[in-house]
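K.L.:
Below are the structure tokens for one structure; questions will follow.
Please treat every number below as a calculation from the coordinates, not as lab data. Just so it is clear, the structure is predicted and the values come from calculations on it, not from any experiment. All Cβ positions, even for glycine, are placed from backbone atoms using ideal geometry, and neighbour counts span all protein chains on display.
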Amino acid sequence: MERLKKIADVDNSRHPSFGAEAKEIWAKRLTGANAIGGVGRPWNWAEFLDMASDLELIQGSGIGYDNVDVDECTKRGIMVCNVAEIMSESVAQHAMALILDLSKKVTLVDRIMRRTKDWAPDPDRVGFELWEKED
């Protein structure tokens, strides 16, 4: 962010909501803006883009373009891009956490023990080893 601030005016404050009362705030912020990121879903893309006459780029805050009206942006010559791989490490870590939770039955056993108050050993509560697991 510091490198970007050296070459451009940057407003990285929180986006205002998209209710009617936020239109004035957006109009002020979009005046003269060349690029914006992480917009969300405004009340109406055409009206939103009308407020941003200098806009050249919309940077999505996720992997896809679901939150951006790409057709409307294309008509106006506004580039749309995303941040592919932005959360790939977090997603991989979460997947590993879920794999370990399921293989060791952590959540299942926790719920059983909280519900029944039964701390006795039970073979059904023992998970399985992942080592050399193929399927």
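K.L.:
For the range 103-135, what are the residues that are outside any loop (DSSP other than H, G, I, E, B) and either touching a residue at least 24 places away in the same chain (Cβ under 8 Å) or basic (Lys, Arg) (or both)?
P.N.:
Answer for the range 103-135, where residues must be outside any loop (DSSP other than H, G, I, E, B) and either touching a residue at least 24 places away in the same chain (Cβ under 8 Å) or basic (Lys, Arg) (or both): 103, 104, 111, 114, 115, 125.
K.L.:
Next question, about the same structure. Give the residue that is farthest from residue 130 (Cα to Cα), with candidates limited to residues of the range 77-101 that are more than 20 Å from the chain's Cα centre (by Cα) and surrounded by 14 or more Cβ atoms within 10 Å (Cβ to Cβ).
P.N.:
78
K.L.:
In the range 49-66, what residues are out of contact with any helix residue (DSSP H, G or I) (no Cβ under 7 Å at 6 or more places or on another chain) and crowded, with 17+ Cβ neighbours inside 10 Å?
P.N.:
60
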